[in-house]
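K.L.:
Got a structure for you, written out below as structure tokens; questions coming shortly.
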Number of protein chains: 4
Amino acid sequence: MSAKLKTAVLGVSGYSGLELTRILERHPRLEKPVLLRRECGDGANDLAEIFPELSGNGGYPLRALSWPELKRQGVRLLFLATPYEISRSLVPEAIAQGMRVIDLSGAWRLKQAQHRAIYSFQDDDHVNTASLTEQAVYGLPELNSDRIAPAELIANPGCYATSVILALAPLLKAGVVDRERGIISDSKSGVSGAGKSPSTHTHFVSVADNLSAYAVFAHRHLGEMVEQLELDDEDLTFTPHLLPIPRGILSTIYVRLKNVTRPAEIESIFRDFYSPKPWVRVFATPKLPQVQYSLHSNYCDLGFCLANDGQRLVLISCLDNLLKGAAGQAVQNMNLMQGWDQREGLQ
Amino acid sequence: MSAKLKTAVLGVSGYSGLELTRILERHPRLEKPVLLRRECGDGANDLAEIFPELSGNGGYPLRALSWPELKRQGVRLLFLATPYEISRSLVPEAIAQGMRVIDLSGAWRLKQAQHRAIYSFQDDDHVNTASLTEQAVYGLPELNSDRIAPAELIANPGCYATSVILALAPLLKAGVVDRERGIISDSKSGVSGAGKSPSTHTHFVSVADNLSAYAVFAHRHLGEMVEQLELDDEDLTFTPHLLPIPRGILSTIYVRLKNVTRPAEIESIFRDFYSPKPWVRVFATPKLPQVQYSLHSNYCDLGFCLANDGQRLVLISCLDNLLKGAAGQAVQNMNLMQGWDQREGLQ
Amino acid sequence: MSAKLKTAVLGVSGYSGLELTRILERHPRLEKPVLLRRECGDGANDLAEIFPELSGNGGYPLRALSWPELKRQGVRLLFLATPYEISRSLVPEAIAQGMRVIDLSGAWRLKQAQHRAIYSFQDDDHVNTASLTEQAVYGLPELNSDRIAPAELIANPGCYATSVILALAPLLKAGVVDRERGIISDSKSGVSGAGKSPSTHTHFVSVADNLSAYAVFAHRHLGEMVEQLELDDEDLTFTPHLLPIPRGILSTIYVRLKNVTRPAEIESIFRDFYSPKPWVRVFATPKLPQVQYSLHSNYCDLGFCLANDGQRLVLISCLDNLLKGAAGQAVQNMNLMQGWDQREGLQ
Amino acid sequence: MSAKLKTAVLGVSGYSGLELTRILERHPRLEKPVLLRRECGDGANDLAEIFPELSGNGGYPLRALSWPELKRQGVRLLFLATPYEISRSLVPEAIAQGMRVIDLSGAWRLKQAQHRAIYSFQDDDHVNTASLTEQAVYGLPELNSDRIAPAELIANPGCYATSVILALAPLLKAGVVDRERGIISDSKSGVSGAGKSPSTHTHFVSVADNLSAYAVFAHRHLGEMVEQLELDDEDLTFTPHLLPIPRGILSTIYVRLKNVTRPAEIESIFRDFYSPKPWVRVFATPKLPQVQYSLHSNYCDLGFCLANDGQRLVLISCLDNLLKGAAGQAVQNMNLMQGWDQREGLQ
């Protein structure tokens, strides 16, 4: 049997980083991952100091990032669970050092400059970043597995984007959607999607017993959806909402079909598209996914409801934003890059 | 100064009944309301036995329903916070007894038989119910105040319906909506909207950390919306969701405008429509209502966001399902029926 | 009828300040209160900018603190809902200006220097503060109404302290408690008690689906309890916990009775103590208060359960930390200071 | 390597049954478990119909209980996650059939008749049940591992009882507790501990934004605690509370030490007792466990805080009521019965 892979993770003190650390630790084909802290960290020497839930398990030592040290340890795959600016500045060096990278931030997901404008980096003036932007593969395994396998740099998708793209891709590919009539995704996310930094918006009293819409027409994940689904910007209306739950996403998506259609045809389109793919579950109508069903799993659950007119279609897409929407999907990408079963380490 | 009005409430053991009792108790123009229990009640003699939060306030005695007794006490207005079947059977007698009625159920809201079919009563074979169905006034004060004032029977609107109709009515009246493109309301409600009867769906563990869609294309309040907004059934897609909060509704509504429009024009349409109306608050873009803002108040809060294309419009409508969506609106209707200020007793 | 009282509030941008503003606004014996902002405020000109739930009500203008201006407006009573350091520095001047003050912070609650040490101010070197510390009346109306009425400076009690003192005072006064055996209060509070400043501890993801104890043996409110109940420090063990709810406190209090006692005797002790007091409700065993029952009210609810041995007694004390635990109690104190009914403006 | 063990589970439609099914499915030393339904079941043929979160995993067929069929399939270990009455009636037959049994209900936990009286079965008139009651081993691995290993019938402990016993056992064994002064456990549990049957008490609106004490001095788990800790009934006061969270228990336990003690001594007592035991984590003071830390794990977390007087000791004990408090502990017991590592299948 082949030797185990050595990996490293930078940015383990956030919610996605914690989930990623847990999965990598238990993954049967990996050595214990190297956990890296950013210099401006809070001084913890072990991740269990930050997350006491990790205690009693032999320790999770944190090390400062050092390229020579990573090389010495034989790290061949680096996960970045860092803010996009950090990722933007570190990835070129990591690639130059011969590592493959899976980046969980938005730094490398967008190909079109008008979409990248929503981030504050200015990258296209630098040969290397421009080239990496081009090379980076959008790591949605259900769509791009062929290009993920050999990739040097994976841009792991956004959580909202994953829920919306997986719901729409089969229908758009099948050509049944009347794009002229517009596509709407009304999406709702748990608070961990907003990150771990305290703010007025994430204060318990602001979130509990509440629901709020935000970033209407202006969320960063919109560009990913449009690019991956090959839509025009105005084809898709996306409204995110903040739910009073810690984790989980539910997207309710509205499309108009070109022709009068039967529910069984819709179900077939989804089943044909996803039948060989282990991490998407298609619900038979009238059963619909709920946030709870996919929590703590790497599944994206899809269900639908078709109006009696046979044209108005409501899709429900659920996933755990920290797993299929972040860390789990990153591991699924690693599995593809290594030629392993996509389920490895994720069950 | 005129004598105070004597009222009675049947169905006080539910969530709306509790809120209604509290408001009526404090209403400066009312005598202490008579609280009636249904015969199949749980035997409580005082409402504070069911709702200990009411204790220490002098008692809330429950009495069995008796028409002669109500007459003897001079009750001139009866509130029904009962299931629709009860309301359907009691209202004809109440009207015959000379009382005016405000009914909080769905029993009398719908004029079109194809919409009423979603309820299980068969009413049109009976002269009196057919006639009452015709006479009943849909008690949405912001739309129907002229007809509410003299009405004998008020059908108090559904909570979802109130949130959707109030958001859409000004735009439809102004003629700016492209109905051909379809209107969508993605609505989310707290659990009290599902009533107080325990069920698998309202079990804490089923609701907490969760979000679920239900009754897609098939919710009872859809008929109310369509009738009041004078839409065709297929013009409006309505998807309710169950939120992990006790109370509150947020509807995210998607419309397409006929022409390219500026935000200020949208705001004007709303302000013109609602400026003299005390219980609707219009938020200036880009501020949006949140569920918390209208909790424990009788306000319906409206806000909007217009895409850069000037045609895709997202409306946000929030209210407390037990107040503006039920008991508060019932009192607002009573105020109109009595010729009082609509705010009386609701602040 | 006498003229209405003019009041001012400093510190309206916190949770208690908001509640206080709402109550004062509606209080029938007050003019509209003057709302003051601290200089280091966030620049809002109207409180509705900070709390959109206040919008649509005619405006809540914020003014900078100016003694001459307050005098010019005839303000005779000042509420401080500020951090204790601010209160410590402002109260001497306010008193010197001839205003009466109700301070909601911990600045003036403690008489004994060893208890005050838990706060970081050094006050006893200053004649004026030392004297004010002495004069300040602990504003718990159920215990100190005689001294509250004429007071210049009210130290409004802490939320935990109110729940614990009100439960224990009748029993201690009756002399039935075996103090030798120790008294324990295991108290649980909603998150608003921790204030509005964002922190890791108040992040939604840290609080939801969680419960945690904190400040064991070391909470600031312990000194208040001990002083007001005339206990020795070691007589009382107090453990606060952070509940995943926005507001509300439940204290479970354990005492050992000196003699074997019947439940009816305990109930009598409570009823005798509280019968003429409007804001404490005594529950008849076996009924126990729950957090929900007193939410959004000024009640403190008390219940108890006595073991079969007739000596082990469990007390349950519930209140809304923002009302009876802060703003409501402040208004109750004002009512006493003005010679009004204690219920005025609080129903 | 030895053949895998064949197990069966009766009562998989409850919360503990679901967790148990998931663990057994993944346990590396087990064949796929046989899932049994009670005859009065709801007719589901596959557990994924009841718990959609299980779908997409190859199916969880439910079979009717048949002793010959279980024998034919070679089932040697039976888990019962059923109400205690069912367990009381089935276990004698299961044992007679030669199976070993791990019962998750309260049916076999209590040795003393006065404690069993809280359950409604009358058992001691039947030779077999009386004998089984005697033989049954209380399955708390940290205390009884020697007797668990060879047992035929394991009475899996109650969730509250586990949290309290594990916190107190080391101190009582060390003889440092002043029992005369009384021991108090103020415990708080998530709602899944109340079971899956809908009721007024588990309705979302009754639980959310609330906290309530219940069954004071009268909870069924009290007998277990007293028997296992070899206390007199009046030594221990136990107050359970219902938390607005789906799962997790935190017990705050108050003991008085006989002698003035240093924190390091307390920590030593715990570390010595638990150092070779994998599923208890001892927190170094001043760090305290929180409910979140042990959620979704089989850990019981213990921490403590000692007053400056060196005698008043507060213990914090946390666990996941469905894992260490039920299904996880059952699997830990199975591991001991089979001579496997206690961690097997639980990580």
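K.L.:
Just checking, does the range B:169-180 include any residue being among the charged types (D, E, K, R) and surrounded by 24 or more Cβ atoms within 10 Å (Cβ to Cβ)?
P.N.:
No, the range B:169-180 contains no residue that is among the charged types (D, E, K, R) and surrounded by 24 or more Cβ atoms within 10 Å (Cβ to Cβ).
K.L.:
In the range C:20-42, how many residues are under 17 Å from C:Lys196 (Cα atoms) and either part of a loop (DSSP other than H, G, I, E, B) or not assigned by TED's automatic domain parsing to the domain that holds C:Ser87 (or both)?
P.N.:
4
K.L.:
Just wondering, is there one or more residues in the range D:4-19 that are assigned to a loop (DSSP other than H, G, I, E, B) and loosely packed, with under 15 Cβ neighbours inside 10 Å?
P.N.:
Within the range D:4-19, one or more residues are assigned to a loop (DSSP other than H, G, I, E, B) and loosely packed, with under 15 Cβ neighbours inside 10 Å.
K.L.:
Out of the residues in the range D:150-195 meeting the condition of being touching a Leu at 6+ places or on another chain (Cβ under 7 Å) and among the β-branched types (Val, Ile, Thr), tell me which one is farthest from D:Ile245 (Cα to Cα).
P.N.:
Among residues in the range D:150-195 that are touching a Leu at 6+ places or on another chain (Cβ under 7 Å) and among the β-branched types (Val, Ile, Thr), the one farthest from D:Ile245 (Cα to Cα) is D:Val176.
K.L.:
With the condition being small (Gly, Ala, Ser), I'd like the helices (runs of 4 or more DSSP H) fully within the range D:121-215 carrying at least 3 qualifying residues.
P.N.:
D:159-174
K.L.:
Between a first residue in the range D:59-79 that is in a helix (DSSP H, G or I) and a second residue that is hydroxyl-bearing (Ser, Thr, Tyr), which pairs have beta carbons less than 9 Å apart while being 6 or more apart in sequence or on different chains?
P.N.:
From the range D:59-79, the pairs are D:Arg72/D:Ser66.
K.L.:
Ok, one more. Starting from residues that are of a type in the set (A, V, I, L, M) and assigned to a loop (DSSP other than H, G, I, E, B), keep the ones in the range A:80-107 and report whichever is surrounded by the fewest Cβ atoms within 10 Å (Cβ to Cβ).
P.N.:
My answer is A:Met99.
K.L.:
Working only within the range D:193-220, note down all residues that are under 22 Å from the mean Cα position of the chain (by Cα), surrounded by 21 or more Cβ atoms within 10 Å (Cβ to Cβ) and more than 9 Å from chain B (Cβ to nearest Cβ).
P.N.:
Within the range D:193-220, D:Gly193, D:Ala213, D:Val216 qualify.
K.L.:
May I ask you to verify whether C:Leu250 is crowded, with 23+ Cβ neighbours inside 10 Å and either touching a Lys or Arg at 6+ places or on another chain (Cβ under 6 Å) or in a helix (DSSP H, G or I) (or both)?
P.N.:
Yes; evaluated as a whole, the condition is true for this residue.
K.L.:
So which residues in the range C:25-49 are buried (at least 20 other Cβ atoms within 10 Å of the Cβ) and either farther than 28 Å from C:Leu336 by Cβ or more than 14 Å from every other protein chain (Cβ to nearest Cβ) (or both)?
P.N.:
Matches in the range C:25-49: C:Leu30, C:Pro33, C:Val34, C:Leu35, C:Leu36, C:Arg37.
K.L.:
While we're looking at this one, here's another question. Would you confirm, using the coordinates I've provided, whether C:Asn308 is assigned by TED's automatic domain parsing to the domain that holds C:Leu171, in a loop (DSSP other than H, G, I, E, B) and within 14 Å of the chain's Cα centre (by Cα)?
P.N.:
Taking the combined requirement at face value, the residue does not satisfy it.
K.L.:
Looking at A:Asp186, is it acidic (Asp, Glu), more than 14 Å from chain C (Cβ to nearest Cβ), surrounded by 22 or more Cβ atoms within 10 Å (Cβ to Cβ) and on the phi < 0 side of the Ramachandran plot?
P.N.:
yes
K.L.:
Taking the range A:225-267 on its own, how many of its residues are of a type in the set (Gly, Ala, Ser) and either closer than 14 Å to A:Cys159 by Cα or not assigned by TED's automatic domain parsing to the domain that holds A:Leu313 (or both)?
P.N.:
The qualifying residues number 2.
K.L.:
Moving to a separate point now. Looking at (1) farther than 23 Å from A:Gly328 by Cα; (2) surrounded by 23 or more Cβ atoms within 10 Å (Cβ to Cβ), which is the one condition that is false for A:Leu243?
P.N.:
Just one mismatch for A:Leu243, condition (1).
K.L.:
Going through the range A:257-266 one residue at a time, which ones are surrounded by fewer than 18 Cβ atoms within 10 Å (Cβ to Cβ) and of a type outside the set (Gly, Ala, Ser)?
P.N.:
Listed by number, the residues that qualify are A:Lys258, A:Asn259, A:Val260, A:Thr261, A:Arg262, A:Pro263, A:Glu265.
K.L.:
I'd like the residue in the range C:221-254 that is farther than 25 Å from A:Val205 by Cα and of a type in the set (S, T, N, Q) and, out of all such residues, is nearest to the other protein chains (Cβ to nearest Cβ).
P.N.:
C:Thr237
K.L.:
So which residues in the range D:273-300 are of a type in the set (Phe, Trp, Tyr), buried (at least 20 other Cβ atoms within 10 Å of the Cβ) and either under 14 Å from the mean Cα position of the chain (by Cα) or more than 14 Å from chain C (Cβ to nearest Cβ) (or both), if there are any at all?
P.N.:
D:Phe273, D:Trp279, D:Tyr299, listed by residue number.
K.L.:
Something else about it: State all residues of the range C:255-264 that are touching a residue at least 40 places away in the same chain (Cβ under 8 Å) and either within 13 Å of another protein chain (Cβ to nearest Cβ) or not in a loop (DSSP other than H, G, I, E, B) (or both); if no residue qualifies, say none.
P.N.:
C:Val255, C:Arg256, C:Leu257, C:Val260, C:Pro263
K.L.:
Can I ask one more? Can you spot a residue in the range C:316-325 that is more than 21 Å from C:Glu19 (Cβ to Cβ), in a loop (DSSP other than H, G, I, E, B), more than 7 Å from every other protein chain (Cβ to nearest Cβ) and basic (Lys, Arg)?
P.N.:
no
The values are calculated or read from the model by the stated rules, or taken from the named source; none is laboratory data. Because the structure is predicted, anything quoted here is derived from the model rather than measured. Every residue, glycine as well, gets a Cβ built from its backbone with ideal geometry; the counts of neighbours run over all protein chains shown.
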